[in-house]
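Student: First, the structure itself, so that you have it in front of you.
Where a number appears in this text, it was derived from the coordinates with a stated rule and is not lab data. Keep in mind that this is a model prediction, so the values were computed, not measured. Here the Cβ positions follow ideal geometry from the backbone for every residue, glycine too, while neighbour counts run over all protein chains shown.
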Amino acid sequence: MMKNSILLQNLSVEDLERLIGTTVKKSVAELQKELESKKFTEELLTREQTCEFLKINSSTLWSYTVKGKLKAYGIGARRYYKRSELLDCLTLLKK
């Protein structure tokens with residue numbers, strides 16, 4: 001038994017246009033939210049921002065970077081970390 005079925009033979013052209021329009025608007029809104037969230041996660045963080053984000057000190061950040069737990073990107077003497085990669089590095093702890 002289909003709960004979300006539509007009978008097109010009893011549907012006017014205007015009703016069909018409204019139904020399609022509503023569905024498209026909802027899909028576009030969901031896509032925009034997804035793209036905005038991805039844009040936010042690709043943000044580059046400085047060392048200070050990364051320490052604040054992870055609630056660690058700079059020596060711990062340096063240690064994680066040297067051990068390869070975190071990837072650092074550099075321009076000159078500056079180091080940056082991608083927010084998305086920081087989130088990916090987090091692991092679930094077993095209870």
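Student: If you scan the range 20-62, which residues turn out to be more than 20 Å from ARG83 (Cβ to Cβ) and among the small types (Gly, Ala, Ser)?
Tutor: Hits for the range 20-62 are GLY21, SER27, ALA29, SER59.
Student: Give the residues of the range 72-83 that are surrounded by fewer than 13 Cβ atoms within 10 Å (Cβ to Cβ), on the phi < 0 side of the Ramachandran plot and not hydrophobic (A, V, I, L, M, F, W, C), sorted by residue number.
Tutor: Result: TYR73, GLY74, ARG78.
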